[in-house]
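The values are calculated or read from the model by the stated rules, or taken from the named source; none is laboratory data. Since the structure is predicted, the reported quantities are computational estimates derived from the model, not experimental observations. Heads up, the Cβs are rebuilt from the backbone with ideal geometry, glycines too, and the neighbour counts pull from every protein chain shown. All accessible areas refer to the heavy atoms of the entire protein, side chains included, with ligands and DNA or RNA removed. Shrake-Rupley method; radii C 1.70, N 1.55, O 1.52, S 1.80 Å.
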Amino acid sequence: MSATEKFDVVVVGSGFGGAITAYHLAAGGASVLVLERGPWLTGDDFDHDFKLGSSYTRIFDFTVGDGMSVLAGNCVGGGSVVYFATMPRAPGFVFERHGSIGRRMWPAAIDRAALDPWYDRVSEALPVTPQDWRDVPYAGGLFAAACAHAGRTANPVPSAIDKPKCTNCNWMMAGCKFDAKRSLLLNYLPAAVANGAEIRPLHEVQRLSRTGDGGYLVHYNLVDDTDYRLSRPGGTIEAKLVVLAAGAGATPVILQRSEAELGTMPHAVGRYFSGNGERLNTAVINDERAREVLGLDRGDGLAYGAHQIGKGPCVASWDKLDPALPEYSRFSLEQLYFPPGLGTILAQAPGATGPTWFGREKKDMLREWQSWLTVFAMTEDDNEGVFGPPPATGNAERIAQQMLGRGALSYQPTENTRRGWAQSDADVKDILERDGIARVAPWSNELVGAYTVHPLSSCRIGDDPRTSALDDRHELRGHPGIFVTDGSAVPGALTVNPALTIAALAERAVPGLVRAAQQRGVRVTYGAPSPGAAPTVAVAGRG
């Protein structure tokens, strides 16, 4: 590619923060280029296996840090391709949190009421629809029955799933072959392309620098489509405006690497990282006790024995999302599904006297894999993650052909965070171990540290320049024309799945992006309608 290529706007990343802004800017008349580190796969490309080189290994980025590992999307569509499409709105108390920041974490301009119209817009575009009990597969029904037995409530979760198309195959983490999951491949991205935006996969942005007239140069490498450890020099693109949406594990790294040329970054770039307070518990269900205690029967004498059937989180208990509770004691619990392979790796043997990750007792546990039930907690953490010096290229040092890397994130959980984890662990144990229904093992940080599938807050918005990298319009402090619209902009843990909130914030940021582009001479307007659900766009040359 020529180093003199010019676009009005370069968007880095194609997940919720990138796809939404790309669509609106392109629909408003701006020339828009989207650079995506991962490959471009669509329904027919998604595989139902775990082989190296399958979609499962190609579209994930698993980065091991010091005390925290991050699982994120690595493909056109970003996290929306690998997420479970669970789309609740953040509870109102989240916007009033202080956490470890010492003041209200969110900007004064944003609370739940202010964000509701933007939630509505995203919910219409995907769309997000309620599930009822007829849509809930075995795992969700078992969890709901156990909650009821323990005197707790449970509800089906809202989701971005086309229910008539869903086969309950439970492979949605590897991309949905049936286009039942309403990823960005079906709405914002094809709408952006239809309005003239260009998307280039396997382009990994390394850094930004300035042009002489106040614009920016976006420097990128080209990533090998088979071995992600291999890359070659790509080129530069000139832009009047840059939107960073590479994810909370990559956006701060790009900015850190850019500091030598752009000048001092805000203190909060690469600090205050949140893992959304996430915690995993694995239960092995005693099928006989579940039938006797919960009164469940599939019709074949089994109460459960159906771990592989379903579609990710379908039922959640929100009893502890109570604004009257003190901070760090509020959390949600979701029945979750990790497919065999990843699930086998993550599961720890309940009641093991030796290692919980491997050994004889883990081997015994594997024989009962159809009886597993995974419960996922999202708690309130202390934003204690910090990114160290960036690697030479990319967001991590690649240590495997695909998927796996070692990053510069350090995360040492505070007592507040640990207390939230302990309370959620105790709740899961109380619900599932009553009357011998199951044996539960909470996540242990001993082998790989904590983990998150919803990284947040590494370039957060806020009102205080000392603790926020972005103002409430998502513009990088001290660097006009650079905006951040991905999960790194979210100020802190949400106690629920964050995709809808990330998307709503991106929608909210667009009018400000349009005004900033206009001030830089871009002929662009705001007001495009919701893209709605659309067929997947097949583009010649996608990787």
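Quick one: would you say residue 329 is of a type in the set (S, T, N, Q), over 21 Å from residue 71 (Cα atoms) and within 26 Å of the chain's Cα centre (by Cα)?
Criteria met by residue 329.
Restricting attention to segment 2-15, which residues are open to solvent by 10 Å² or more (accessible area, probe 1.4 Å) and either aliphatic (A, V, I, L, M) or assigned to a strand (DSSP E or B) (or both)?
Passing the criteria: 3, 6, 7, 8.
Looking at the structure I just gave you, is residue 423 crowded, with 16+ Cβ neighbours inside 10 Å and not acidic (Asp, Glu)? Break it down into steps so the answer makes sense when it comes.
Details: crowded, with 16+ Cβ neighbours inside 10 Å: yes; not acidic (Asp, Glu): yes.
When the stated conditions are applied, residue 423 passes them.
Does segment 315-327 contain any residue that is touching a Lys or Arg at 6+ places or on another chain (Cβ under 8 Å), part of a strand (DSSP E or B), closer than 23 Å to residue 168 by Cα and not aromatic (Phe, Trp, Tyr)?
Yes, there is a match, as at least one residue in segment 315-327 is touching a Lys or Arg at 6+ places or on another chain (Cβ under 8 Å), part of a strand (DSSP E or B), closer than 23 Å to residue 168 by Cα and not aromatic (Phe, Trp, Tyr).
Need at least 2 residues that are open to solvent by less than 40 Å² (accessible area, probe 1.4 Å) and either among the basic types (Lys, Arg) or out of contact with any helix residue (DSSP H, G or I) (no Cβ under 9 Å at 6 or more places or on another chain) (or both) per element, so show me which strands (runs of 3 or more DSSP E) inside segment 125-243 make the cut, counting only ones lying wholly within it.
203-210, 216-223
Considering segment 244-280 alone, what residues qualify as being part of a loop (DSSP other than H, G, I, E, B), small (Gly, Ala, Ser) and on the phi < 0 side of the Ramachandran plot? Spell out how you get there, then give the answer.
First, the residues of segment 244-280 that are part of a loop (DSSP other than H, G, I, E, B): 245-250, 263-272, 275-277.
Next, only the ones that are small (Gly, Ala, Ser) stay: 245-250, 263, 268, 270, 275, 277.
Of everything in segment 244-280, those that are part of a loop (DSSP other than H, G, I, E, B), small (Gly, Ala, Ser) and on the phi < 0 side of the Ramachandran plot turn out to be 245, 246, 248, 249, 250, 268, 275.
So which residues in segment 457-474 are in contact with a helix residue (DSSP H, G or I) (Cβ under 7 Å, 6 or more places away or on another chain) and either under 28 Å from residue 521 (Cα atoms) or modelled with pLDDT under 95 (or both)?
459, 460, 461, 470, 473, 474
Within segment 397-420, which residues are open to solvent by less than 20 Å² (accessible area, probe 1.4 Å) and farther than 15 Å from residue 70 by Cβ?
To start, the set of residues in segment 397-420 that are open to solvent by less than 20 Å² (accessible area, probe 1.4 Å) comprises 402, 405, 409, 411, 417, 420.
Correct list: 402, 417, 420.
Let's see how each residue does on (1) surrounded by fewer than 24 Cβ atoms within 10 Å (Cβ to Cβ); (2) part of a loop (DSSP other than H, G, I, E, B); (3) touching an Asp or Glu at 6+ places or on another chain (Cβ under 8 Å); (4) among the acidic types (Asp, Glu):
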{"site": "48", "(1), (2), (3), (4)": "yes, yes, no, no"}
{"site": "52", "(1), (2), (3), (4)": "yes, yes, no, no"}
{"site": "80", "(1), (2), (3), (4)": "no, no, no, no"}
{"site": "90", "(1), (2), (3), (4)": "yes, yes, no, no"}
{"site": "98", "(1), (2), (3), (4)": "yes, yes, yes, no"}
{"site": "102", "(1), (2), (3), (4)": "yes, yes, no, no"}
{"site": "108", "(1), (2), (3), (4)": "yes, yes, yes, no"}
{"site": "122", "(1), (2), (3), (4)": "no, no, yes, no"}
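Given the conditions (1) surrounded by fewer than 22 Cβ atoms within 10 Å (Cβ to Cβ); (2) in contact with a helix residue (DSSP H, G or I) (Cβ under 9 Å, 6 or more places away or on another chain); (3) touching a residue at least 12 places away in the same chain (Cβ under 8 Å), which single one is not true for residue 18?
Of everything listed in (1) surrounded by fewer than 22 Cβ atoms within 10 Å (Cβ to Cβ); (2) in contact with a helix residue (DSSP H, G or I) (Cβ under 9 Å, 6 or more places away or on another chain); (3) touching a residue at least 12 places away in the same chain (Cβ under 8 Å), residue 18 misses just condition (1).
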